[in-house]
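The values are calculated or read from the model by the stated rules, or taken from the named source; none is laboratory data. Note that the structure is a prediction, hence the values are computed from the model and not measured. For neighbour counting, all protein chains shown are included, and Cβ atoms are generated from backbone atoms with ideal geometry for every residue, glycine included. Surface accessibility is based on the protein's heavy atoms, side chains included, excluding ligands, DNA and RNA. Shrake-Rupley method; radii C 1.70, N 1.55, O 1.52, S 1.80 Å.
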There are 2 protein chains.
Amino acid sequence: MKALYIESGEVSLRRLPRAKLRNGFARIRLRMAGICNTDLELKAGYYGFRGIPGHEFAGTVEECPAAPEWIGKRVVGEINLACGACEWCARGLGRHCPTRTVLGIVRHPGAFAESLTLPVENLLEIPESLSDDEAVFTEPVAAACEILEQCPWLRGGEAAVLGDGKLGLLIGQVLLAHGCQVHQFGRHAAKLAIVKRRGAMVSLAANRPKGRFDLVVDATGSAEGLASAVAMCRPRGTVVMKSTVHNRVGIDMASVIVPEITLLGSRCGRFQPALELLGNKRIDVLDLIHESFPLAMGCTAFERAAARGVLKVLLRNS
Amino acid sequence: MKALYIESGEVSLRRLPRAKLRNGFARIRLRMAGICNTDLELKAGYYGFRGIPGHEFAGTVEECPAAPEWIGKRVVGEINLACGACEWCARGLGRHCPTRTVLGIVRHPGAFAESLTLPVENLLEIPESLSDDEAVFTEPVAAACEILEQCPWLRGGEAAVLGDGKLGLLIGQVLLAHGCQVHQFGRHAAKLAIVKRRGAMVSLAANRPKGRFDLVVDATGSAEGLASAVAMCRPRGTVVMKSTVHNRVGIDMASVIVPEITLLGSRCGRFQPALELLGNKRIDVLDLIHESFPLAMGCTAFERAAARGVLKVLLRNS
């Protein structure tokens, strides 16, 4: 099968054998995949990754001996492959299973290929109301929804989101859908317009209000974002850390300790609430799509995704 | 009156006029005061502090026109002088009042003097069961108790405390009194023995267990403590930041975000629960006292408090 492959800082198109189908797994023909910043970081050498990347996808089940009723269904799939037996899995937190593998990230071949495999229990059927272009956003919308799961006390109120990249714009919309008054801070008027249409107050400001918000989400993807977010947070408020910045980030601990701010690391989320938000059209994702490429043009797609100002780049299996 | 005074990186003994007694304030004759790391930092020039330091004290009310029934009573006093009218004060969080002053720290003369002043509402009577030597620990014990207020979900279970300094040893004991199984990590067997006697497991280990604890308190006072604490924390666990380290601290954000760890800034606490713990002899503070000096020997006392391995140094008004 055709697949993109990352090795030694390069992405290439290869012809690779299909993976053997393990017990309880389904084989899924790719329909559409999305390139995420994590994929760009894998290419750049983080995690010492080598293999097929890709964890945002929509596909069709084509082989599923364990549960043949899935065959032909259009699906998305949770990206963490958990053991199912440990304490974390018992708590429904397979995303933290210590022996998990992760689709296209940790020791499980990813979705930038003509087909991929996942355990049946990771699959969710895509509602008819959702196109492939929309469904492929389920994973990043789930990552945005994770904030709601981690902050169950969040009931409307003001929230600031720093960053107008792909994830920042989804987070802004998820918080709006949750009833928050969202102030989104970014550097690109055109990107901010996407959340402004949904009701967010937006600002290109270098002048960010100090100590104002009970919830601030840092989705800047930059090393400076955390300190900015802390400065905008009220005493006893919460700063959600959504920028997975590799390398060390400097922070003045007194700026966190004196106002007793909570810094909350936040990663993947459950797919079901994300699919519901997408299915109910509470989140506008089509405006985030910059361009789509056939899988065979994956190398060009990676270059495009890495260009400044580009939002989501998709890969289609055609 | 005699008072210690910090200016330009030096502490000196001075004879200063007593402050005018403001409406609603009490004048308190010092009985005993404690030197805290914050005092050493004020001397070193943090906050650009100039004035009388000192915020840990026990004293006797000698003047109190607003409420003469306090006269003659032995008291401790909350160190934040709040406006009493803002949203924070209404929530009982005067410790975060934006216009607050702070005894001996922010624009209010401190306790290292023959007398000090505080608003009557800041005062708490010292129970008879407590000596001055014990009562002077109310403020740092309250700072340790703040963790319980910020983590209301904490019900026993394992907790790690990093650091065997004054605050670390109080935090270990407060968590023990709360029913936690405390693992205290430090560098001095003699200091660790103080919490070991109370039931803590102690370790001089360089080998700290990774990813094991749901609650880890960083009370190392060092820039490296935070990263160590994060490494010892389980996924979805909480790291309490009790080390007010000035200067920037480096942290790998991925180490917080991937396991979705919560970093909780924690500062001052309410005095009442601290007085109760001390009054019930649930906390052993006398073993933390290294030496006491008369106020007139305050400069020597500051030197002693700054020496390696020294725990609490007290100043007595005699």
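The figures follow:
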| quantity | calculated |
| --- | --- |
| Of all residues making up region A:277-289, the number that are more than 13 Å from A:VAL136 (Cβ to Cβ) and part of a strand (DSSP E or B) | 0 |
| Criterion (touching a residue at least 12 places away in the same chain (Cβ under 8 Å), on the phi < 0 side of the Ramachandran plot and either assigned by TED's automatic domain parsing to the domain that holds B:ILE52 or out of contact with any strand residue (DSSP E or B) (no Cβ under 7 Å at 6 or more places or on another chain) (or both)) met by exactly one of B:ALA274, B:ALA254 | B:ALA274 |
| Members of region A:106-115 found to be away from every other protein chain (no Cβ under 14 Å), in contact with a helix residue (DSSP H, G or I) (Cβ under 9 Å, 6 or more places away or on another chain) and either surrounded by fewer than 23 Cβ atoms within 10 Å (Cβ to Cβ) or on the phi > 0 side of the Ramachandran plot (or both), listed by number | A:GLU114 |
| Residue list for region A:255-276, filter: part of a helix (DSSP H, G or I), open to solvent by 10 Å² or more (accessible area, probe 1.4 Å) and out of contact with any helix residue (DSSP H, G or I) (no Cβ under 6 Å at 6 or more places or on another chain) | A:GLN272, A:GLU276 |
| Residue ID - nearest to the chain's Cα centre (by Cα), chosen from residues in region B:246-284 that are more than 14 Å from chain A (Cβ to nearest Cβ) and of a type in the set (Gly, Ala, Ser) | B:ALA274 |
| Residue list for region B:15-44, filter: among the polar types (S, T, N, Q) and in a helix (DSSP H, G or I) | B:ASN37, B:THR38 |
| Number of positions in region B:217-228 that are at pLDDT below 95 and open to solvent by less than 20 Å² (accessible area, probe 1.4 Å) | 2 |
| Looking only at region B:285-311, and only at residues there that are touching a residue at least 40 places away in the same chain (Cβ under 8 Å) and open to solvent by 30 Å² or more (accessible area, probe 1.4 Å), the one that is farthest from the other protein chains (Cβ to nearest Cβ) | B:ALA296 |
| Pair list, Cβ under 7 Å, 6 or more apart: region A:120-131 residue under 15 Å from A:PRO65 (Cα atoms), other residue among the aliphatic types (A, V, I, L, M) and open to solvent by 20 Å² or more (accessible area, probe 1.4 Å) | A:VAL120/A:ALA66 |
| Long-range neighbours under 6 Å by Cβ, at least six apart or interchain, first residue within 12 Å of another protein chain (Cβ to nearest Cβ) within region B:140-165, second open to solvent by 10 Å² or more (accessible area, probe 1.4 Å) and modelled with pLDDT under 95 | B:ALA143/B:CYS268 |
| Neighbours by Cβ (under 8 Å, 6+ apart or cross-chain): first from region B:188-214, under 22 Å from B:GLU224 (Cβ atoms); second open to solvent by 70 Å² or more (accessible area, probe 1.4 Å) and among the β-branched types (Val, Ile, Thr) | none |
| In region A:229-243, residue farthest from the other protein chains (Cβ to nearest Cβ) [restricted to those that are surrounded by 20 or more Cβ atoms within 10 Å (Cβ to Cβ) and not in a strand (DSSP E or B)] | A:MET232 |
| Selection status of B:LEU21, in contact with a Gly (Cβ under 7 Å, 6 or more places away or on another chain) and either open to solvent by less than 50 Å² (accessible area, probe 1.4 Å) or not hydroxyl-bearing (Ser, Thr, Tyr) (or both) | no |
| Only one of A:LEU118, A:LEU81, A:LEU103 that is more than 23 Å from A:SER292 (Cβ to Cβ), buried (at least 23 other Cβ atoms within 10 Å of the Cβ) and more than 14 Å from every other protein chain (Cβ to nearest Cβ) | A:LEU81 |
| Residue match in region B:43-50 (condition: open to solvent by less than 60 Å² (accessible area, probe 1.4 Å), touching a helix residue (DSSP H, G or I) at 6+ places or on another chain (Cβ under 6 Å), modelled with pLDDT under 95 and closer than 27 Å to B:ALA301 by Cα) | yes |
